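Inspection log for the structure reproduced underneath, given as structure tokens.
The values are calculated or read from the model by the stated rules, or taken from the named source; none is laboratory data. Because the structure is predicted, anything quoted here is derived from the model rather than measured. Cβ sites come from the backbone with ideal geometry, for glycine too, and all protein chains shown count toward neighbours. Heads up: the accessible areas ignore ligands, DNA and RNA and are worked out on the full protein's heavy atoms, side chains in. Shrake-Rupley method; radii C 1.70, N 1.55, O 1.52, S 1.80 Å.
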Amino acid sequence: MTDRPQTRDAANTMWGGRFASGPDAIMEAINASIGFDRRLYAQDIRGSRAHAAMLAAQGIISDSDARAIGEGLLTVLSEIEAGNFPFSTALEDIHMNVEARLKDLIGEPAGRLHTGRSRNDQVATDFRLWVRDQCDAAIAALEAVIRAALGQAEAGADWVMPGFTHLQTAQPVTWGHHMMAYVEMFGRDLGRFRDARARMNESPLGAAALAGTGYPIDRQATAAALEFDRPMANSLDAVSDRDFALEFLSAASICAVHLSRLSEELVIWSSAQFRFVSMSDRWSTGSSIMPQKRNPDAAELIRAKIGRILGATVALFTVMKGLPLAYSKDMQEDKEQVFDAADSLMLALAAMAGMLSDLTANRDRMEAAASAGFSTATDLADWLVREAGLPFREAHHVTGSLVAMAEARGCDLPDLTLSDMQSVNPAITDDVFGVLGVHNSVASRQSYGGTAPGQVRAQITRWKEKLA
């Protein structure tokens, strides 16, 4: 795409007769947004076609003018999609670029397109349509990530691994249970994008500059044509708020945090020290100097995306926080932040879905790690409460003493003899060894949402039904 040369007088005609001369070059540079808002071309043309059709239906412009406008806009659309459109910085933004090209194509009828609207409600409509599309894309991408995580969970519903707190071995859990934790997180992200989409699905078109219009427009018709649920009820609000973009960014930031946490675990788990998982060649890179290296670069880059997305969120909140009603030019700074965040999120979601689908979990290595580190200490304490009648605090103390004994001997709890245990508390019987195995431990966690394989499989089934 190349810029079309424009004189300053040509740009000035877009502002009307108020200004005697064109802008200074620096003013033109700071004022122009076509470098980034050209991404709104499809939404801009869609909104303009709906507006023109409504104007004709209301008798505000002729049917022949509306047909010429509609056909001309389709030509503009095809030029942009083919990469042949002459974008001009002198024409400031996507709206003026499209309208100027439309005039080149169809002449005088193009000047009637802007009847009953302003660039204020036009850009608010375009941007809302674009963000709505991004919500749909995020929902589809999240569903792919969830399905990939469900596949991992189903394969390893009864594979034992260590559960961690403070990155220290805590209690045994299953690989399926760990994967399902992320399914739940991403499921809430899914809900946030769906909620945001539903809330933003109101049309600003027809609010005009800020006060509405005196033309007998039909805002219900344009809202329906653009698949909005309804027109926005207040024209000042319609052109001046960007909470729909802020809500999208907020949902994106929370989602990126979840992606980053899972990425961090994949980085740790794929290390030589853990070896819980192996990344496929598709999602790993090598080293230019160390031939043995397999670097989890995709996970590391996903982990870093939160910086860009959260930064965009903070930036737009900062832009909007002090603006009086209605429109201010500050709001031109809304789009680049959202564009970058949306691109980063979609890339991260696609990469995560691919990594999880290709990931190989090392069942034997995880089980060996789960059996070490005194991971069944809580099971021992619970057994002392149930079978020996000890108060939990006393059971906790007895278990701690046995852990210290095993640690001093360089062994794990199941390696202690019955006499070793009875030397700390004589109420312990041989039955205690039944709870010290990691498989017995996870099987006992039958409470709703627990790590028992049956509970994990029930949650997998629930999520498959939800996605279906």
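Observations, loosely collected:
- Selection status of residue 313, open to solvent by 50 Å² or more (accessible area, probe 1.4 Å), of a type in the set (S, T, N, Q) and on the phi < 0 side of the Ramachandran plot: no
- Condition broken by residue 37, with the remaining ones in (1) modelled with pLDDT under 95; (2) open to solvent by less than 50 Å² (accessible area, probe 1.4 Å); (3) out of contact with any Lys or Arg (no Cβ under 9 Å at 6 or more places or on another chain) satisfied: (3)
- Exactly one residue among 356, 384 is touching a Leu at 6+ places or on another chain (Cβ under 7 Å), assigned to a helix (DSSP H, G or I) and either farther than 14 Å from residue 276 by Cβ or at pLDDT 85 or above (or both), and that residue is 384.
- Some residue of the range 202-222 being within 21 Å of the chain's Cα centre (by Cα), free of Cβ contacts under 8 Å to residues at least 40 places away in the same chain, open to solvent by 30 Å² or more (accessible area, probe 1.4 Å) and under 22 Å from residue 131 (Cβ atoms): no
- Residue count, the range 291-310 (criterion: open to solvent by 70 Å² or more (accessible area, probe 1.4 Å), among the hydrophobic types (A, V, I, L, M, F, W, C) and closer than 14 Å to residue 341 by Cβ): 1
- Residue match in the range 169-182 (condition: in contact (Cβ under 8 Å) with a residue 40 or more places away in the chain and surrounded by fewer than 16 Cβ atoms within 10 Å (Cβ to Cβ)): no
- The number of residues in the range 51-100 that are assigned to a helix (DSSP H, G or I), open to solvent by 50 Å² or more (accessible area, probe 1.4 Å) and modelled with pLDDT of 95 or more comes to 10.
- Flag if residue 213 is of a type in the set (S, T, N, Q), assigned to a loop (DSSP other than H, G, I, E, B) and modelled with pLDDT of 95 or more: yes
- Any hit, the range 243-265, residues being assigned to a loop (DSSP other than H, G, I, E, B) and under 27 Å from residue 318 (Cβ atoms): no
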